[in-house]
């Protein structure tokens, strides 16, 4: 009798463990299925000029999204809002399941304070068109500054990691060079390593090859390609490199007049564009090549 | 004989005057640099009371006469029971006046740092103060150094004003020596070149050295 009771107890215990496991899996599934980045009715205006208008965009975990479009269409603004370089006027941006631009206070959504911004922003890294490396620091110093003062790594730890990252972008022999001693392509690769050193979940690339000499574009795109295949990163990229967008991305968004005019898998968007403006843009861009 | 004696005394007094000018220049430069840096940073603070204080400070010290400010510290403050020694007045009177100009140099240089540097600091999540200390200030200091060089040379020449609060510095000593010996040509030539030599031998090399130090990474140089 007592054996039966013990057996039953064991069984219920096992059941509850199983339940918890199930709950855990469900939670993971929920996290995996919810988008990494969500723009919810986001609007951006400068005075009376509307730059982005009711933007709704979900980006899945590990998804690679390229944003294309004519200048002034608001595509760079999308990245800058996500990096919190621009305030939004309406809507909410979500990152990894929590609001970035807002926080919950007494059950209400209020604009995020600096502390909240800093915490959520830590999941995002950005690479800029004009590199924005710190000119007074070597490549290695550029890559250890924030990991030490923000992530709290020891100098040794940070330097080891930075050296690994510089090695990954093919610059292990340049780690003690100052930015001015590097070519544009090398600078941009240092900038990528510097952003990665903060261990972001989302990487933003804002026209990262537009300021480069044509023969240096390839080395930077190769690094980005490698990142996409070897790391679990959600990537959002504003680019004019149509061939790269076609080959690299899971989805392409064509921005026009502050809206997503058309989006879809690259084959569809480049092969069979539905929107008249997309066709015009693509033929103009491809003709120029 | 009499004349030689006067000459001897005058030269000794002149040497003392040079030393006093040097000491006051050095000490008030330090005051000007430290306060200029602090007020310049306060001037661009995110907190409006601090910012407002910075503006008021700069407006007062930059907007009114240095000599009148020195007179206030020396002749007016004692009326309110605050008696300061001539040395304190000389060092802080000149230093605080110059710090008003210095604060504006600091503000302009920091605001002149490339916007991309601010954006990279945000993207790397650097705290504001860390970014200021590690990223913006080193670049701003490099940009503001030549202007500080001018300001400190100007400060050096302003030290002759402390004659009015009883300190016998270089200009005063030259005048006394010239009066005593009648040799105005010699002693005012000494004073004229004295300031030039101090500026050229001390201030300019110091600023040049600092410029070199803060220019790492800005100028293409041979690989070490």
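No value in this document is a laboratory result; all are computed from the given coordinates. Predicted model only: the values in this text are computed from it and were never measured. No Cβ is skipped: glycine too gets one built from the backbone with ideal geometry, and neighbour counts run over all protein chains shown.
Compute the separation of the alpha-carbon centres of the stretch A:94-151 and the stretch B:87-144 and state it in Å as a whole number.
Using only Cα atoms to place each centre, the spacing works out to 23 Å.
Got a sec? How would A:73, A:172, B:160 order by Cβ neighbour count within 10 Å, fewest to most?
Numbers: A:73 23, A:172 14, B:160 18.
By the 10 Å Cβ count, ascending: A:172, B:160, A:73.
Taking Cα pairs under 8 Å and at least six residues apart, what relative contact order does the stretch B:2-214 come out at, in percent?
On the way: 241 pairs, mean separation 63.5, N = 213.
About 30 percent, as a whole number.
From Cα pairs below 8 angstrom and at least 6 apart in sequence, can you work out the relative contact order of chain A, rounded to a whole percent?
On the way: 471 pairs, mean separation 63.6, N = 289.
Relative contact order for chain A comes out at 22 percent.
Between the stretch A:209-233 and the stretch A:262-289, how many Å separate their Cα centres?
Cα centroid to Cα centroid, the span is 22 Å.
Would you mind listing how long the protein assembly as shown runs along its three principal axes, going by Cα atoms, in whole Å with the largest first?
Sorted largest first, the three principal extents are 122, 76, 50 Å.
Over the stretch A:133-199, calculate the relative contact order: mean separation of alpha carbon pairs under 8 Å at least 6 apart, over the residue count, as a percent.
Numbers: 78 pairs, mean separation 31.4, N = 67.
So the answer I get is 47 percent.
Distance from a point 7 Å along Cα→Cβ of residue A:274 to each backbone N in the stretch A:221-255: keep the residues under 15 Å and list them by number.
Only A:252-255 pass the distance filter.
Compute the distance in nm between two label points, each set 7 Å from the Cα along the Cα-to-Cβ direction, one at residue B:115 and one at residue B:210.
3.0
Taking the Cβ of each residue in B:157, A:226, A:64 as the centre, tally the other Cβ atoms inside 10 Å and list the residues starting with the fewest.
Placing the least packed residue first, the sequence is A:226, B:157, A:64.
Each label point is 7 Å from the Cα along the Cα-to-Cβ direction; what then is the distance between the points at residue B:197 and residue B:128, in nm?
5.0
Starting from the 7 Å offset along Cα-to-Cβ, what nm value, one decimal, do you get for the label separation of residue A:10 and residue A:156?
About 4.9 nm separates the two model spin labels.
If you split all Cα-Cα distances of the stretch A:29-188 into 5 Å bins from zero, what percentages do you get per bin, shortest first?
Values per bin, smallest distances first: 2, 8, 14, 16, 16, 15, 14, 10, 5, 1, 0.
Calculate how steeply helix A:139-149 sits against the longest principal axis of the alpha-carbon atoms of chain A, using the helix alpha-carbon long axis, and give the answer as 0 to 90 degrees to the nearest 10.
Tilt of helix A:139-149: around 40 degrees.
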